[in-house]
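The values are calculated or read from the model by the stated rules, or taken from the named source; none is laboratory data. Nothing here was measured: the structure is a model prediction, and the numbers come from that model. All Cβ positions, glycine included, derive from the backbone under ideal geometry; neighbour counts span all protein chains shown. The area values use the complete protein model at the heavy-atom level, side chains included, leaving out ligands, DNA and RNA. Shrake-Rupley method; radii C 1.70, N 1.55, O 1.52, S 1.80 Å.
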Amino acid sequence: MSAIFNFCAGPAMLPQAVMQKAQQELLNWNDQGVSVMEISHRSKEFIALTQQAESNLRELMEIPDNYHVLFMHGGGRGQFSAVVNNFLGDNGKALYLIDGSWSKAAVEEAEKLAGKDNIDCINIVDTVAGKRQVSVPDLTQIDKDYRYVHYCPNETVDGIEIFESLNSPWPVIADMSSNILSRKIDVSQFGLIYAGAQKNIGPSGLSIVIVREDMLALPSLTQSSIMDYRLAVANDSMYNTPPTFAWYLAAEVFSWLKSVGGVAEMELRNIEKAKRLYQCIDQLDFYVSGVAPQNRSRMNVTFQLTNSELDSKFLAEAQAAGLVALKGHRMVGGMRASIYNAMPLEGVDALVKFMTDFAAKNA
Ligand SMILES: *Cc1c(COP(=O)(O)O)cnc(C)c1O
């Protein structure tokens, strides 16, 4: 089989080295004679794995000691409900910033659980000269008492990323499902960070939650036990049987990240990958990006063909060249190349070459 580069937005490709290691030890993990899938989550071997995973993630993200790291069920959307259930008891109110599809979906879930009256929203995307851009209002000027402000720093569907940090008088909750570990962030600026695993961490189903200790004192709604942060903390994320295989793969991804130079090195690579791809889009009249340069996602590069009648030809020929899953989300159309940490520079170079040739042939 010749090389395939998989640009799927999620579940996304995983680092090849991790997949090869998992394959090698699939039937006999850690000299146990059985698969990691077939052992107790409470065995000392598995607990050692979880401890190593947590300490590696803490090191990679420089997570301060007053934060808990949780490995939970239910992916990204599970956390849309969990944050409401855990922090909006007794009619507490929250502010949601909307910069694309996922932050909008988070609002819908919050309104359903907490009631519309308790959820305020601000749309933070404008279109200026045909390009979408983000402007975050000065939150310190808002004279209201919110339990938290929720936002999504990388909108996976829309290809919009927010690089500046929020200046907020309330705890900031961020959905980092599609850009966690892609660049350095200052964890201490957040009340809570969550991420579904299947973009930049591992297989779907698992979500990572990084929560500041004092957040756990906020009043919670009556809720399902498996979404309760306090129970998850008290039980080391093992209140019930966790998704052990996904946890194992996440642990392997963290080790891989460390071995290749950590988040600082990833950030350099991600900047370079995104630069090459956006340069190609900007230089050829054949393609157009609908996002202003300062808010272009480094992880999800959305673009259109100026002649959309060529979309299906583009996708078919890309597929034949081993460049797969480039179709944009059904809600926005066009193309999307997701270039998470696991995507090597060669994948981006192959895509740029294909796009350049395609434009020349079809001009
Ligand atoms: C993928 C994604 C989600 C949803 O994740 P699920 O695991 O499918 O629930 C939420 N937020 C963002 C930013 C995402 O990219």
(request) Can you tell me the FRET efficiency between residue 129 and residue 16 if r is taken as the Cβ-Cβ distance and R0 is 45 Å, rounded to the nearest 0.05? (result) 0.65
(message) If packing is taken as the average count of other Cβ atoms within 10 Å, what order do 24-36, 283-295, 187-199 fall into, highest mean first?
(response) 187-199, 283-295, 24-36
(request) Over the chain, give the accessible area per residue in Å² for a 1.4 Å probe, as an integer. (result) 43 Å²
(request) Place +1 on the Cβ of every Lys and Arg and -1 on the Cβ of every Asp and Glu in the chain, take the dipole about the Cα centre, and give the residue among 51, 172, 34 whose Cα lies farthest towards its positive end. (result) 34
(message) Kirkwood Rh over alpha-carbon pairs of the range 261-362, then Stokes-Einstein at 20 °C and 1.002 mPa s: what D in µm² s⁻¹, rounded to an integer?
(response) 154 µm²/s
(message) Under a crude label model (7 Å from the Cα following the beta-carbon direction), how far is residue 230 from residue 285 in nanometres?
(response) 6.4 nm
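Report, in listed order, any pair from 327/353; 131/273; 104/313; 104/273 with a Cα-Cα distance greater than 23 Å. Let's see the in-between values first.
Numbers: 327/353 18 Å; 131/273 21 Å; 104/313 32 Å; 104/273 28 Å.
Flagged as over cut-off: 104/313; 104/273.
Quickly estimate the mean residue ellipticity at 222 nm for the chain, helices only: each DSSP H run with n ≥ 4 gives -39500 (n - 2.57), and the total goes over all residues, rounded to 500.
The helix contribution divided over the chain gives -11000 deg cm²/dmol.
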(message) At 25 °C and a viscosity of 0.890 mPa s, what translational diffusion coefficient does Stokes-Einstein give for the range 83-206, taking Rh as the Kirkwood radius over Cα pairs? Give it in µm²/s as a whole number.
(response) 163 µm²/s
(request) Return the carbon/sulfur percentage of the accessible area of the chain, one whole number, probe 1.4 Å, all protein chains in place. (result) 50 percent
(message) What Kirkwood Rh does the range 1-70 have if only Cα atoms enter the pairwise 1/r average? Answer in Å.
(response) 14.9 Å
(message) So if the hydrodynamic radius of the chain is defined as the Kirkwood radius over C-alpha pairs, what does Stokes-Einstein give as its diffusion coefficient at 37 °C and 0.692 mPa s, in µm² per second?
(response) 153 µm²/s
(request) Starting with the highest mean, order 82-88, 274-280, 245-251 by the number of other Cβ atoms within 10 Å, averaged over the residues of each peptide. (result) 82-88, 245-251, 274-280
(request) Give me the distance in nm between label points sitting 7 Å out from Cα along the Cα-to-Cβ direction at residue 268 and residue 222, one decimal. (result) 5.6 nm
(request) In nm, give the distance between the simple-model label positions of residue 260 and residue 319, each being 7 Å from the Cα along the Cα-to-Cβ direction. (result) 2.7 nm
(message) Suppose the chain between residue 184 and residue 238 were pulled fully straight at 0.36 nm per residue; how much longer would it get relative to their current alpha carbon spacing?
(response) 16.6 nm
(request) Note down the net charge around residue 11, summing +1 for each Lys or Arg and -1 for each Asp or Glu among other residues with Cβ under 15 Å from its Cβ. (result) +3
